[in-house]
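J.: Sending over a structure as structure tokens; questions will come in a sec.
The values are calculated or read from the model by the stated rules, or taken from the named source; none is laboratory data. The model shown is predicted, which means the values in this text are computed figures rather than measured ones. Heads up, the Cβs are rebuilt from the backbone with ideal geometry, glycines too, and the neighbour counts pull from every protein chain shown.
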Amino acid sequence: MRSCPSTALLSNRLARRLYLNSAATCSNSNITVESSIEAKTDKPTPKPKRPNATPETAYKPPYYANKSHIPTKGHHWTHEEFHNEGIRDGSGARLHDYFEMRKLVERAPTIQDKIDLVNPYERPWSRFEKTWHRTTHPPLSSPRKAWCLGELPLSYTCLDFYKYITKTRIVEKKLDGFYKSLNFPTEHLESIMGEGPHFLNNIFYGLVGADEKVQDIFTSLFDRALDTAAHNQKRLSEFRVSYNVPSEAFWIRSGFNFLYDEEDIVTGKVEKNYRYLSKFTGDDRRKLGELAFCLRDKHWVQVRTSAPSPILFPLDDTEATQPLFDDSVDVEKDVLFQPMVYNLPVDADPLWQCPGYFVESGETKKHVQFAIKSILPLRKRFEDYYCKYSAPEYPLPLQILLKPEFRGDFVDLVKAQAIASLFGTLCAEAHTNGFTQYNDVDRPFVSQLMLTDGYCCYFAIAQLNTLAFNIQCEGFDNPRTNVVYFEGPIPMVMEGENEGGKSRGDNWSESRANLPFLPLLLRQEDLKPNPLPLLRMLQMILWKGQ
Amino acid sequence: MPYRRYRPHRQFGIHDTHTFKMRLKKHVSERMPAFELPKAVQASDVRIYESSEPELFSRQIVRDERKQAEQNLKAIFSNYQPNTPKNVVQSLLNKEFAKTHSQPAYVFQAEEPLCDGVDQASILSNAVVRETLPEWVMKNIDEFDIPEEYIRDSILHGEKYDPTLEKLPIRHDPIIFWIRHPRVFGTPVVKRGNIILDNLFRQVYFAGRRNGKLQGLIVKRDPWISAYTESPNLFGNRPFVLRFRPHVLVESENADIPQLRPWLNQVGEASKEPLPDIYPISPLVDLQTDKFYHDYDGANALLTGIHKDMFKDLNPELLKDLSKEQLERLGALMSPNRNKSRFLAAMWCCERNQKYPWTTEQHAANAILHTYGLALAEANRRFFDLQLAEKALASNPIIMRGAQLFEGKLDLVTIQLNTMHHNSERKNFVWLQRALPLYKPRPYYEEMQELGQVTLEIIERPLIDRPLEVQKHVAFLARHLRRFPEAYSSLDTNRITLLYFAVGALDILGELDSIVPEQHKKQLIDWIYSLQITQESGNFSFS
């Protein structure tokens, strides 16, 4: 005859189930069924926020709880019944690890060592290692890869996602306020744009399928902009001007734990399944929901200086802690998807922090003051997507380009690119100045960017306030966000007035069809160059603060 | 056995199975179905040839086909309205100005070195080469105030700070050629040089702008240059085309600047100076021949973006609608001197070929032909016609400058283009300064850690004439009278020749008596006689 379990053991198991499955506490033995139902229907009271941990308060977890994901369900009666908070949500081990890592980074003798220490790149297994691996050895887990933000976004709705992964908010406003002290006569700039080597002709006829030609025009404009100020600005000779320079960075963004959610097909309950779901691409091997991202960008022109750019506001300003999204945005539902949804490719190549230079090269001009980047392929792709069948002519006339519905969607893409480029540049710059995601910046970093597709220009100025968003758990609250101020589009040409004093307006494309053999002459009458992009470029190059 | 091959010599796989072999055999034995013409091809009414026909590729059939294709094209173009401006522009925009010609041209594209160096370049460019600058030029050289730190920084930017990671060619060591060197990544040599040239130009130009001596210069980067000339005297009925791509092309907005004035006004007498004779080598031996090139019109269109055909099909009726200003602008476009800007100078960089390196002389010749090509290109783009250009050059010669960076050394060339023909009474003039050392670079497979000495004089006074450093030469030669360096150990049997050169050179410099005292002279003479083999030299026999 089988013996039944002892009553003591049975009561223990029952108590564990009650503790786990009801909101009532085990100590109240007189609890009724009604009261437990009421307790379930009531809104859960928000937990009091835990104070931020410090290296002194992040204790070393015990040896049996030194993992971030401790199963809180008791699988066996020998398991501990009442965990403390740090063990229950895994934050204890994570925070301790984070602060240990900070110590190591701070102890690293050179900046290059610091960057190598925080680099998530893992080399592929060598042939030797694969050849001599045996089943008795630990398995060769796949090396960590990064989700790559290429030169241009590959998705049409990626703005919010880019904001999230870089923790950067964007503010659309005119940038005149930043450059009040820098005023130049626009007539001279207008003449420069008009007298360029068939400038308008190139703008309207030379651009089809030729990124190089646009680059020639804009590098030439950049040189002319420098030329206008070279006679009385000796510091222009001290600038480092690079053409066609790579800008690369890597970083880790937390908050992707939802990738391990699993829904029970019977109960519909969603639970984390860290144990059996495989590690998501780009995540840490401990399945922390911290994905690695990298940016592989390229600038047409980059201007660097030895002195840091002036800051827009200090770190203790309220601007630095503005929320990333409005209340209307539900981040978990509308923004957070896995990166493949936004067409981000996986990158297994080595990762660099390279804001136009490598730190080990000993470069003395470390601060990126200004850069020009092309978005011409993006515009072409968007045109194909937007009006492949509706637009008879190619390239699109200016009117279509400036239509609000076209503009709205396209400008969102440009904003996303501005965020990615500026954050990448500033992240790399902060790393080359000795700051990492483990030892956050103690001063802001500022950079400026001009994006152009040949027809219109977009300008952005960004301030990096924080890098420490690679950890998300109780006891680590970082309210600081980065910010980008964005302006655009500013067309390269504006419609002039004809003899009657009226703008040509709708007849513009018609007249273009009548006299296309002399585009230069026609443009001179119909359109005139807009000096504002050149003016803004010059202001950004010479900017010394508000 | 301590060593055992891990991978079996012959690996067992699916192809060794009986099933696979049977299937393969069946697959091979199956006959392919006979080819049938698709219905679409049958409907198109095209003549089909049998592939087994012996005369399939004979000339007659090809000729018939071509004739048929031409007729089809004519039928298509009969509906074409040449006076429709839209069509004109579209055809012009799509036009390839470099086209295949029936007559091949001699082409210089800086791929092959000129074997006879500067002399050969002198003949090809019809130029008298001078290695000293005119006196008035020396007096009027501007000096710019550029701190040394800026120049060093400019060089380090290219050699050290640039983050490019491109695959570099595998190193080839001509001495220990059997060693396989690892592949390295980094900045290619040409890109390093281009960055340095960009920076140097900016430093000089900004310094000139601050002084007020330079103004209104426009930079073009990596433009395609193609220059065309004809000269039956040298090239027969073939044209001569020079095409290349300098990194920096400097244009001046204003045509009336002192830098564009000719250096030599009395061309007639100076032109009587003969060109060097390199017989039996033909000056054309290193030129390539190609049928695909820009002719004169093509070069003109390439350099200006405007082609004279644009105005050929111009419908006069459309001109009625144009305003006065537009007509003026159109007239300016059509006039011969329509380009306000002038090519002023160009800078480019060269890379050493690992297996077949060029000599310093060949690099100097390369620099001369580049600069000559630029001057020709300027003439090509300024005038619509070769004859017109020749006439204009007689009164207004073109001055062009070129700077070539090769392994930290600069070749500086200035050319005055007086004629485009080789049988003209006038000649061109070249002032050459070869291999002026600027800095000492590292090999391409290494990154520079420290920059050594930089010769700033070249940057600040780019046209300076360097005197012969007599004292250094004398010290060098005097050292050779005592002992030869270790590197000469392979020349041990030729010590007497080395001594001959050292003594001869000291004599030419006029320092023989001051360096070598009488006693030393006697010792040298004794030593020479000691090398003579006489009957008293001892038991010397081959047996």
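J.: Tell me, please, whether a residue that is among the charged types (D, E, K, R), modelled with pLDDT of 50 or more and assigned to a helix (DSSP H, G or I) can be found in region A:516-528.
T.: Looking through region A:516-528, at least one residue is among the charged types (D, E, K, R), modelled with pLDDT of 50 or more and assigned to a helix (DSSP H, G or I).
J.: Let me ask you something else. I'd like the full set of residues that are at pLDDT below 95, more than 25 Å from A:Pro153 (Cβ to Cβ) and not acidic (Asp, Glu), limited to region A:276-304.
T.: The answer is A:Tyr276, A:Leu277, A:Ser278, A:Lys279, A:Arg285, A:Arg286, A:Lys287, A:Leu288.
J.: Within region A:309-328, how many residues are touching a residue at least 24 places away in the same chain (Cβ under 8 Å), closer than 17 Å to A:Pro444 by Cα and assigned to a loop (DSSP other than H, G, I, E, B)?
T.: To start, the set of residues in region A:309-328 that are touching a residue at least 24 places away in the same chain (Cβ under 8 Å) comprises A:309-315, A:319-325.
With closer than 17 Å to A:Pro444 by Cα added as a condition, the list becomes A:309-315, A:319-322.
The next check asks that each one be assigned to a loop (DSSP other than H, G, I, E, B); those that pass are A:309-315, A:322.
Summing the residues that are touching a residue at least 24 places away in the same chain (Cβ under 8 Å), closer than 17 Å to A:Pro444 by Cα and assigned to a loop (DSSP other than H, G, I, E, B) in region A:309-328 gives 8.
Here is a yes/no grid of residues against (1) within 28 Å of A:Asn433 (Cβ to Cβ); (2) buried (at least 18 other Cβ atoms within 10 Å of the Cβ); (3) at pLDDT below 95; (4) touching a Leu at 6+ places or on another chain (Cβ under 6 Å):
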residue: A:Gln112; (1), (2), (3), (4): yes, no, yes, no
residue: A:Asp116; (1), (2), (3), (4): yes, no, yes, no
residue: A:Trp125; (1), (2), (3), (4): no, no, yes, yes
residue: A:His137; (1), (2), (3), (4): no, no, yes, no
residue: A:Leu140; (1), (2), (3), (4): no, no, yes, no
residue: A:Gly150; (1), (2), (3), (4): yes, no, yes, no
residue: A:Leu159; (1), (2), (3), (4): no, yes, yes, no
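J.: Then there's this: Please enumerate the residues belonging to region B:141-200 that are free of Cβ contacts under 8 Å to residues at least 40 places away in the same chain and hydroxyl-bearing (Ser, Thr, Tyr).
T.: Hits for region B:141-200 are B:Tyr161, B:Thr164, B:Thr187.
J.: Identify, by number, the condition in (1) farther than 29 Å from B:Pro163 by Cβ; (2) touching a strand residue (DSSP E or B) at 6+ places or on another chain (Cβ under 8 Å) that B:Tyr445 doesn't meet.
T.: Here B:Tyr445 meets the rest and fails (1).
J.: If you don't mind, another one. Here is a list: B:Arg221, B:Arg243, B:Arg202, B:Arg210. Which entry is away from chain A (no Cβ under 12 Å) and either surrounded by fewer than 19 Cβ atoms within 10 Å (Cβ to Cβ) or among the basic types (Lys, Arg) (or both)?
T.: On the way: B:Arg221 fails: away from chain A (no Cβ under 12 Å); B:Arg202 fails: away from chain A (no Cβ under 12 Å); B:Arg210 fails: away from chain A (no Cβ under 12 Å).
Being away from chain A (no Cβ under 12 Å) and either surrounded by fewer than 19 Cβ atoms within 10 Å (Cβ to Cβ) or among the basic types (Lys, Arg) (or both) holds for just one of B:Arg221, B:Arg243, B:Arg202, B:Arg210, which is B:Arg243.
J.: Can you say whether B:Gln215 is in contact (Cβ under 8 Å) with a residue 12 or more places away in the chain, assigned to a loop (DSSP other than H, G, I, E, B) and more than 24 Å from the chain's Cα centre (by Cα), as far as the supplied structure shows? Break it down stepwise before answering.
T.: Details: in contact (Cβ under 8 Å) with a residue 12 or more places away in the chain: yes; assigned to a loop (DSSP other than H, G, I, E, B): yes; more than 24 Å from the chain's Cα centre (by Cα): yes.
Considered against the rule, which asks whether it is in contact (Cβ under 8 Å) with a residue 12 or more places away in the chain, assigned to a loop (DSSP other than H, G, I, E, B) and more than 24 Å from the chain's Cα centre (by Cα), B:Gln215 comes out as yes.
J.: Here's something else I'd like to know. Report yes if some residue within region B:104-123 is more than 27 Å from B:Gln362 (Cα to Cα), away from chain A (no Cβ under 14 Å) and not hydroxyl-bearing (Ser, Thr, Tyr); otherwise report no.
T.: No, there is no match, as no residue in region B:104-123 is more than 27 Å from B:Gln362 (Cα to Cα), away from chain A (no Cβ under 14 Å) and not hydroxyl-bearing (Ser, Thr, Tyr).
J.: Would you say A:Leu259 is surrounded by 15 or more Cβ atoms within 10 Å (Cβ to Cβ), more than 14 Å from chain B (Cβ to nearest Cβ) and in a helix (DSSP H, G or I)?
T.: On the way: surrounded by 15 or more Cβ atoms within 10 Å (Cβ to Cβ): yes; more than 14 Å from chain B (Cβ to nearest Cβ): yes; in a helix (DSSP H, G or I): yes.
When the stated conditions are applied, A:Leu259 passes them.
J.: Determine which member of the set B:Val88, B:Val62 is more than 14 Å from every other protein chain (Cβ to nearest Cβ), modelled with pLDDT under 80 and surrounded by 11 or more Cβ atoms within 10 Å (Cβ to Cβ).
T.: Numbers: B:Val88 fails: more than 14 Å from every other protein chain (Cβ to nearest Cβ).
Exactly one of B:Val88, B:Val62 is more than 14 Å from every other protein chain (Cβ to nearest Cβ), modelled with pLDDT under 80 and surrounded by 11 or more Cβ atoms within 10 Å (Cβ to Cβ), namely B:Val62.
J.: State yes or no: is A:Asn273 in the same structural domain as A:Thr186 (by TED's automatic domain parsing), surrounded by fewer than 19 Cβ atoms within 10 Å (Cβ to Cβ), over 25 Å from A:Thr186 (Cα atoms) and modelled with pLDDT under 95? It would help to see each step written out before you state the result.
T.: On the way: in the same structural domain as A:Thr186 (by TED's automatic domain parsing): no; surrounded by fewer than 19 Cβ atoms within 10 Å (Cβ to Cβ): yes; over 25 Å from A:Thr186 (Cα atoms): yes; modelled with pLDDT under 95: yes.
When the stated conditions are applied, A:Asn273 does not pass them.
J.: Related question: Looking at region B:383-409 only, could you name the residues that are over 20 Å from B:Leu124 (Cα atoms) and surrounded by fewer than 23 Cβ atoms within 10 Å (Cβ to Cβ)? Please lay out each step first, then the result.
T.: Pass one, region B:383-409, residues over 20 Å from B:Leu124 (Cα atoms): B:383-385, B:388, B:391-392, B:395-396, B:405-409.
If the condition is that a residue be over 20 Å from B:Leu124 (Cα atoms) and surrounded by fewer than 23 Cβ atoms within 10 Å (Cβ to Cβ), then B:Phe383, B:Phe384, B:Asp385, B:Leu388, B:Lys391, B:Ala392, B:Ser395, B:Asn396, B:Phe406, B:Glu407, B:Gly408, B:Lys409 are the ones that fit.
J.: Still on this model: Of everything in region A:207-241, what is β-branched (Val, Ile, Thr) and modelled with pLDDT under 85? Give them in sequence order. So that I can check it myself, show each step before the final result.
T.: Of the residues in region A:207-241, the ones β-branched (Val, Ile, Thr) are A:208, A:214, A:217, A:219, A:228, A:241.
Across region A:207-241, the qualifying residues are A:Val208, A:Val214, A:Ile217.
J.: Could I ask something else about it? Cβ contacts < 9 Å: first residue assigned by TED's automatic domain parsing to the domain that holds A:Leu344 and of a type in the set (Ser, Thr, Tyr), restricted to region A:288-308; second residue in a strand (DSSP E or B) and surrounded by fewer than 24 Cβ atoms within 10 Å (Cβ to Cβ), any location; separation 6+ or different chain. Result?
T.: Here the result reads A:Thr305/A:His367; A:Thr305/A:Gln369; A:Ser306/A:His367, each pair linking region A:288-308 to a residue that is in a strand (DSSP E or B) and surrounded by fewer than 24 Cβ atoms within 10 Å (Cβ to Cβ).
J.: Next question. Filtering region A:345-372 down to residues that are β-branched (Val, Ile, Thr) and more than 12 Å from chain B (Cβ to nearest Cβ), which residue is surrounded by the fewest Cβ atoms within 10 Å (Cβ to Cβ)?
T.: Our first condition is that a residue be β-branched (Val, Ile, Thr); within region A:345-372, this holds for A:346, A:359, A:364, A:368, A:372.
Add one more test, that the residue is more than 12 Å from chain B (Cβ to nearest Cβ), and what stays is A:346, A:368, A:372.
Values: A:Val346: 12, A:Val368: 30, A:Ile372: 22.
Within region A:345-372, the match that is surrounded by the fewest Cβ atoms within 10 Å (Cβ to Cβ) is A:Val346.
J.: So, in region A:51-70, of the ones that are buried (at least 17 other Cβ atoms within 10 Å of the Cβ) and part of a loop (DSSP other than H, G, I, E, B), which residue ends up modelled with the lowest pLDDT?
T.: Within region A:51-70, the subset buried (at least 17 other Cβ atoms within 10 Å of the Cβ) is A:53, A:58, A:61, A:65, A:68-70.
Those left that are additionally part of a loop (DSSP other than H, G, I, E, B): A:53, A:58, A:61, A:68-70.
Working: A:Ala53: 90, A:Ala58: 88, A:Pro61: 87, A:Ser68: 82, A:His69: 81, A:Ile70: 69.
Result: A:Ile70.
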